[in-house]
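Here the structure is laid out as structure tokens; the discussion comes afterwards.
The values are calculated or read from the model by the stated rules, or taken from the named source; none is laboratory data. Computed from a predicted model, the values in this text were never measured in an experiment. Heads up, the Cβs are rebuilt from the backbone with ideal geometry, glycines too, and the neighbour counts pull from every protein chain shown. Each accessible area value is taken on the protein alone, full model and side chains, heavy atoms only, with ligands, DNA and RNA left out. Shrake-Rupley method; radii C 1.70, N 1.55, O 1.52, S 1.80 Å.
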Amino acid sequence: ESCLLPFSIQFHVGYVPSGGRVVGLSKLSRVADVFAKRLQNPQRLASEVCGALHASIQPAGVAVALQCWHIPLPENLKCKTLQGWISTSHSSRSGVFEGESSSFWNDFSALLKLRGIDMERDSHSASIAWCPLRSHDVPVCNGHCKKATTNGAISPKSVPAPSNMVSAVSSMLLSLGEDPFRKELVGTPQRYVQWLMKFRACNLDVKLNGFTLNNLSVYQSPAGDAADHRAIHSELHLPFCAQCEHHLLPFYGVVHIGYLDGGDGEVIDRSHFQALVHFYGCKLQVQERMTRQIAEAVYSVSHCGAIVVVEANHICMISRGIEKIRSSTATIAVLGQFLTDPSAKARFLQNVVDTTGLAV
């Protein structure tokens, strides 16, 4: 509810039956889904699920523990895993689980620790902003927020959003049956528009750290023997975050880039590739087009061969439609000698496989 962006949740539920009443596992998941499918914040979600379960199955007590991950800002995304995300833990208890000395809560916590989950260590501090877009907000006495300033000037990351877009988002909230002036929703339209503006289209030429696209055809035959084994250079696990143009929801992941040098042995610095990935990622995109655009940009510099693989998780697949949790999509674009030399392509792809487990 702070920025209208999805966050990922893993629920852990414990209860002590009363009168021998035990419910099916699917019921617990369904109750969690009911309260998750609305504008939420983690602590309220934990409390609502706990209260609903306590009222419906009438146990001696209920404990709900939540692990939550909020997608970070594009510039803070570390890799395709959940590292680099804003992560917090929250809990809610009722009945015999209440109280710091509750043996039932201690048993529940011990079971979670068997799975590597330490609620005391990972619990969220109220002083830390849960939503990454809230980190630039400074609360004032009436519950509204103003933009953080530096030496009296508004931070460049906090440029006021267009008023017509903010009004449109407020209208969306009204259509959802929400009150845009509810305390928790004050500032939400502004934050969501700020997120969208990070993916604003631009007509700038690609001139990033030495990359300048030219009119070289990416389909022309490279000079020399197409099968000669020039050195394959690779830059793997370059993180990105883009905005799906079909659903206006984020997709994120990593880009793997391989290229053949022209025989001069010159290696392009990783920061150049990261800037290139950021340029094509920070706009409304589809994964297939982004893959091709990056490959064409790399080929225009290497002139011999380029191969790009993009692995991404799409929030639209997780939070709507088929709701396939942990599903991912891989796309590939191959140009130049990688098209005519299967062994070169195979060596690059094997390198990606060999290093996947080492990515951080």
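Only one of (1) free of Cβ contacts under 8 Å to residues at least 24 places away in the same chain; (2) open to solvent by less than 40 Å² (accessible area, probe 1.4 Å); (3) of a type outside the set (Lys, Arg) fails for SER29. Which number is that?
Every condition holds for SER29 apart from (2).
Test GLY143 against the stated conditions and say whether it is among the small types (Gly, Ala, Ser), farther than 26 Å from HIS54 by Cβ, at pLDDT below 90 and not in a strand (DSSP E or B).
So GLY143 passes the test.
Step by step: first the residues of segment 57-74, then only those that are within 15 Å of TYR15 (Cβ to Cβ) and not in a helix (DSSP H, G or I), then the one that is most open to solvent (accessible area, probe 1.4 Å). Which residue is that?
If we take residues in segment 57-74 being within 15 Å of TYR15 (Cβ to Cβ) and not in a helix (DSSP H, G or I), then GLN58 is most open to solvent (accessible area, probe 1.4 Å).
Taking segment 168-178 as the region of interest, how many residues are within 18 Å of ARG44 (Cβ to Cβ) and open to solvent by 80 Å² or more (accessible area, probe 1.4 Å)? It would help to see each step written out before you state the result.
Within segment 168-178, the first condition is being within 18 Å of ARG44 (Cβ to Cβ), and the residues that meet it are 173, 176-178.
Okay, now just the ones that are also open to solvent by 80 Å² or more (accessible area, probe 1.4 Å), so 176.
Qualifying residue count, segment 168-178: 1.
To keep it simple, each residue is scored yes or no on (1) in a loop (DSSP other than H, G, I, E, B); (2) within 30 Å of GLY187 (Cα to Cα); (3) among the aliphatic types (A, V, I, L, M); (4) not assigned by the TED database to the domain that holds CYS316.
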| site | (1), (2), (3), (4) |
| --- | --- |
| HIS12 | no, no, no, yes |
| VAL23 | yes, no, yes, yes |
| LYS27 | no, no, no, yes |
| ALA46 | no, yes, yes, yes |
| ALA55 | no, no, yes, yes |
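If we keep just the residues of segment 308-328 that are modelled with pLDDT of 75 or more and in a loop (DSSP other than H, G, I, E, B), which is nearest to VAL254 (Cα to Cα)?
SER328
With the structure loaded, tell me whether SER56 is modelled with pLDDT of 90 or more and more than 25 Å from the chain's Cα centre (by Cα) or whether it fails that test.
The answer is yes for SER56.
Could we say that ILE86 is β-branched (Val, Ile, Thr), within 30 Å of HIS256 (Cβ to Cβ), touching a Phe, Trp or Tyr at 6+ places or on another chain (Cβ under 9 Å) and at pLDDT 90 or above here?
No; evaluated as a whole, the condition is false for this residue.
Answer yes if at least one residue in segment 167-190 is modelled with pLDDT of 90 or more, outside the structural domain of VAL286 (by the TED database), in contact with a Phe, Trp or Tyr (Cβ under 7 Å, 6 or more places away or on another chain) and not in a loop (DSSP other than H, G, I, E, B), and no otherwise.
The answer is yes, given that some residue of segment 167-190 is modelled with pLDDT of 90 or more, outside the structural domain of VAL286 (by the TED database), in contact with a Phe, Trp or Tyr (Cβ under 7 Å, 6 or more places away or on another chain) and not in a loop (DSSP other than H, G, I, E, B).
Every residue in segment 1-26 that is open to solvent by 40 Å² or more (accessible area, probe 1.4 Å), more than 19 Å from LEU133 (Cα to Cα) and touching a residue at least 40 places away in the same chain (Cβ under 8 Å), please.
Once the filter is applied, which keeps residues that are open to solvent by 40 Å² or more (accessible area, probe 1.4 Å), more than 19 Å from LEU133 (Cα to Cα) and touching a residue at least 40 places away in the same chain (Cβ under 8 Å), segment 1-26 yields GLN10, PHE11, VAL13, TYR15, PRO17, SER18.
Considering segment 37-47 alone, what residues qualify as being among the hydrophobic types (A, V, I, L, M, F, W, C) and crowded, with 17+ Cβ neighbours inside 10 Å?
LEU45, ALA46, listed by residue number.
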